[in-house]
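The structure appears below as structure tokens.
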Amino acid sequence: MKPLCIIVGFGTGVGLGVARAFGQAGFQLGLIARNPSKYTGALQSLEEAGINATFEAADVSNEKSLTDAITKFQQSQKVEVLIYNVVSPRYGKPTSLDAEQVVQDFRINVVGALVAAKAVIPNMLSQEHGSILFTGGGWAHYPWDEAASISIGKAGLRSLAFTLSQELANTNVRVALVSIMGQVAPDTPFDPDKIGGAFLAMHRQPKDEYQTEMLFKGA
């Protein structure tokens with residue numbers, strides 16, 4: 001049976017690049033998106049490349065919805081890799097933001113990652129291996145006032161990755177993030193397929209070379 005990689009936040013950008021990388025490496029893919037019907041073309045391209053993938057719909061801001069989707073994938077096999085690739089793309093300076101909007105963004109950008117991680121950690125611990133990887137961003141390091149909520153979210157996600165990594169340090173479950181330090185675009189150093197390769201490289205790192213964060217500055 002192929003190892004399972006669950007990608008929360010599949011789309012036509014980084015999500016597709018990550019899916020290609022892990023699919024070509026022999027993984028069965030479990031893809032989660034709010035509206036899977038939007039990505040039938042992307043799914044077809046994976047299938048044409050001989051990559052096995054199935055979809056579940058979920059609202060990442062809803063704990064039960066996200067947990068249920070991840071649980072469905074784990075009913076048939078245990079997950080080896082979880083990737084959380086979600087961001088609420090709300091722009092605006094801090095004082096222009098509504099408080100409830102920021103709370104909702106934080107649920108999507110950070111809390112959803114924790115919910116997803118908690119849904120797979122028990123199985124990963126029982127099988128004594130697994131990788132939990134988050135999509136980080138440069139705004140965690142260099143906050144931008146025009147993207148205040150995203151900057152807050154990426155900083156929170158980075159802190160979550162580091163604290164989870166500390167908690168699980170004495171296990172064979174590793175937690176890390178790939179922080180994309182530039183604008184994602186095809187046929188550039190930040191091509192989604194190149195980013196997908198970085199995620200796969202993080203998963204394959206030997207334990208004595210583990211790093212909690214990779215700053216992806218282009219390839």
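Points worth noting:
- Which numbered condition PRO89 misses (of (1) under 16 Å from the mean Cα position of the chain (by Cα); (2) modelled with pLDDT of 95 or more): (2)
- For region 127-155, the candidate set comprises residues that are in a helix (DSSP H, G or I) and touching a residue at least 40 places away in the same chain (Cβ under 8 Å); within that set, the residue that is surrounded by the fewest Cβ atoms within 10 Å (Cβ to Cβ) is GLN127.
- Verdict on GLN183 being assigned to a loop (DSSP other than H, G, I, E, B) and surrounded by fewer than 13 Cβ atoms within 10 Å (Cβ to Cβ): yes
- Residue match in region 192-205 (condition: of a type outside the set (Ser, Thr, Tyr), surrounded by 17 or more Cβ atoms within 10 Å (Cβ to Cβ), at positive phi and in contact with a helix residue (DSSP H, G or I) (Cβ under 9 Å, 6 or more places away or on another chain)): no
- Among the residues of region 156-181, those identified as touching a residue at least 12 places away in the same chain (Cβ under 8 Å) and of a type in the set (Ser, Thr, Tyr) are SER165, THR171, SER179.
- Subset of region 156-180 that is in contact with a His (Cβ under 9 Å, 6 or more places away or on another chain) and part of a strand (DSSP E or B) - its residue that is nearest to ALA140 (Cα to Cα): SER179
- In region 2-53, residue nearest to PRO189 (Cα to Cα) [restricted to those that are assigned to a loop (DSSP other than H, G, I, E, B) and among the aromatic types (Phe, Trp, Tyr)]: PHE10
- Condition met for VAL102 (surrounded by 16 or more Cβ atoms within 10 Å (Cβ to Cβ) and under 27 Å from PHE27 (Cα atoms)): no
- With respect to the conditions (1) crowded, with 18+ Cβ neighbours inside 10 Å; (2) modelled with pLDDT under 95, ARG158 lacks only one, and its number is (2).
- Taking first residues from region 34-49 that are in contact (Cβ under 8 Å) with a residue 24 or more places away in the chain and partners that are among the polar types (S, T, N, Q) and surrounded by 15 or more Cβ atoms within 10 Å (Cβ to Cβ), the Cβ contacts under 8 Å between residues at least 6 apart in sequence or on separate chains come to ALA49/GLN24.
- Per-region count, region 187-219, residues part of a loop (DSSP other than H, G, I, E, B) and either in contact with a strand residue (DSSP E or B) (Cβ under 6 Å, 6 or more places away or on another chain) or closer than 21 Å to VAL8 by Cα (or both): 4
- Screening region 40-69 for residues that are surrounded by fewer than 20 Cβ atoms within 10 Å (Cβ to Cβ), within 20 Å of ASN123 (Cβ to Cβ) and among the β-branched types (Val, Ile, Thr) and picking the one that is modelled with the highest pLDDT gives THR67.
- Any hit, region 27-38, residues being under 15 Å from the mean Cα position of the chain (by Cα), within 21 Å of ARG158 (Cα to Cα) and surrounded by 21 or more Cβ atoms within 10 Å (Cβ to Cβ): no
The values are calculated or read from the model by the stated rules, or taken from the named source; none is laboratory data. Just so we're clear, the structure is a prediction, and the values are computed from it rather than from any experiment. Note: ideal-geometry Cβ built from the backbone for every residue, glycine included; neighbour counts use all protein chains shown.
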